[in-house]
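Below is one structure, written out as structure tokens; comments come after it.
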Amino acid sequence: MRLTILGGGGFRVPLVYGAVLADRSDRRVTHVVLHDTDETRLHAIGHVLAAQAGRHTAADPGHRPPEVTMTTDLGTALEGAHFVFSAIRVGGLPGRTADERVALDLGLLGQETTGAGGVSYGLRTVPVAVAVAERVKALAPDAWVVNFTNPAGLVTQAMQQVLGDRVVGICDSALGVARRAAAALGHDLAHAEIDYAGLNHLGWLQGLRVDGRDVLPDLLADPDRLGSIEEGHLFGVDWLQTLGVLPNEYLHYYYFTRDAVAAITSGTRTRGEFLLGQQASFYAALTDSPGEALATWDRVARERNATYMQENRAEDESRSEQDIEGGGYEGVALALMAAIARDEPATLILNVASAGTLPGLPVDAVVEVPCRVTAAGPRPLPVSPLRGAELGLTLQVKAVEELTIRAALDGDPRTAVEALALHPLVDSVTVARRLLSGYRARIPSLDRVFNGT
């Protein structure tokens, strides 16, 4: 089976390859194709994967690792692919830092997927993602596309306009909420029924049923256990008990907007600026010392995970070891691929078309909900209806996502301003116009969306 990874020079690609190496099925991935527009990054990650394969072979000589090839040609990468993992970053990390800083300079939240930054990221990514979908349709029409590219729900919905339900979006943050809740109560998540609903980076765990009983109220009623999990640290026990549900961690930016802006602006660097410096050093180190590629990657990956959303924690508060070491989106992706390719049914939280799962949203609106996945693909499972406040926020953000898609595909700056102005984290039409002007000035790939080049 042939797996193509778009954005193959990205830092997190070794996570996916590590999961592929661990797969012992006879019907497993035999060939991994890495595609990237940056040849230097591509070869740097190639060194890490070669070291991973060498370590794997030494530990298990009878298990041959998948062949890895690299290319900067998209057509070559897609031909013959059974699965395509799309993990591109249009505008690179400099684009991400602009997403953050332009908003912060106007007193707004600066974050890559939430608020104005997410709209900016979506505007420049949608045309590229749709072009990729068109190439997949032409060169690998039977392939499944697994979208990692953020904003994941928005980009997945845009690609589905070309490929339909053969595009599935994934993210590990929703599953993380359920995993931590189950662990705090001493339950195995594999034996629980997850009631989670919303959009990517905008969802709520509404229930967790074990043996037919919802055990989430047990966690919400226990301040000690509730305060021990990541959500307790981010939102506070009192607010979680007030809500009566567990929010996705990204909802911190909606419930504590002023706090988040103050925390980010009080730091010397935004998250994007931290990663820009970290990854520049990482890729330079791999170029200088390819023989130490895997050790360097392991060290940097741990530092990256440990500092995730650090600005939203107290100064003396660290991320839990379980979350630092725990598996992420690569495990979801491999489980999805196994369910489809080998008909090994799995229940996963995915970004798929609603198909009526969440009343009030269009049937083709991509939502993030539990799905049963088989060889026929993912099928959304029934979930509890979103309550008034949660539904209202979901409807507003989905409207912004759909405006962003339309603005990007039409190259219409007026629609882009509308998307920014209607986002709940942007407080003025005037500011929305200044945001778009600032983003166009700082991000060439976004400006090209509107000037037709």
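List of remarks:
- Boolean, V33 is at pLDDT below 95 and under 26 Å from L139 (Cα atoms): no
- So G92, is it open to solvent by less than 50 Å² (accessible area, probe 1.4 Å), of a type in the set (G, A, S), closer than 22 Å to D412 by Cβ and under 25 Å from the mean Cα position of the chain (by Cα): no
- Test result for Y255, modelled with pLDDT under 90 and either surrounded by 14 or more Cβ atoms within 10 Å (Cβ to Cβ) or closer than 20 Å to G203 by Cα (or both): no
- Where strands (runs of 3 or more DSSP E) sit wholly within the range 1-84, those with at least 2 residues that are open to solvent by 50 Å² or more (accessible area, probe 1.4 Å) and closer than 27 Å to S281 by Cα occupy 67-71.
- Residues that are closer than 16 Å to R442 by Cβ and small (G, A, S) within the range 93-117 comprise G95, A98, A103, G110, A116, G117, listed in sequence order.
- Taking the criterion of being open to solvent by less than 20 Å² (accessible area, probe 1.4 Å) and touching a strand residue (DSSP E or B) at 6+ places or on another chain (Cβ under 8 Å), the residues of the range 387-400 that qualify are E390, T394, V397, K398.
- Annotation note: of A129, A138, the sole residue that is farther than 26 Å from Y255 by Cβ and either surrounded by 24 or more Cβ atoms within 10 Å (Cβ to Cβ) or touching a residue at least 40 places away in the same chain (Cβ under 8 Å) (or both) is A129.
- Flag for A376 being more than 20 Å from P151 (Cβ to Cβ) and either open to solvent by 30 Å² or more (accessible area, probe 1.4 Å) or in contact (Cβ under 8 Å) with a residue 12 or more places away in the chain (or both): yes
- V449 open to solvent by 20 Å² or more (accessible area, probe 1.4 Å) and within 14 Å of G122 (Cβ to Cβ): yes
- Failed item, numbered, when L409 is tested on (1) at pLDDT below 95; (2) farther than 30 Å from T242 by Cβ; (3) open to solvent by 10 Å² or more (accessible area, probe 1.4 Å): (1)
- Single residue of the range 266-294 satisfying the filter (in a helix (DSSP H, G or I) and open to solvent by 70 Å² or more (accessible area, probe 1.4 Å)) that is farthest from G18 (Cα to Cα): S266
- Single residue of A77, A143, A98 found to be within 22 Å of the chain's Cα centre (by Cα) and over 25 Å from R24 (Cβ atoms): A98
- Single condition G411 does not satisfy, out of (1) more than 21 Å from the chain's Cα centre (by Cα); (2) at negative phi: (2)
- Scanning the range 100-117 for residues that are assigned to a helix (DSSP H, G or I) and either surrounded by fewer than 22 Cβ atoms within 10 Å (Cβ to Cβ) or charged (D, E, K, R) (or both) turns up E100, R101, L104, D105.
- Restricting V417, V429 to those that are at pLDDT 95 or above, over 23 Å from the mean Cα position of the chain (by Cα), surrounded by 14 or more Cβ atoms within 10 Å (Cβ to Cβ) and hydrophobic (A, V, I, L, M, F, W, C) reduces the list to V417.
The values are calculated or read from the model by the stated rules, or taken from the named source; none is laboratory data. All of these numbers come straight from a predicted model, not from anything done at the bench. No Cβ is skipped: glycine too gets one built from the backbone with ideal geometry, and neighbour counts run over all protein chains shown. For accessibility, only protein heavy atoms count, side chains too; no ligands or nucleic acids. Shrake-Rupley method; radii C 1.70, N 1.55, O 1.52, S 1.80 Å.
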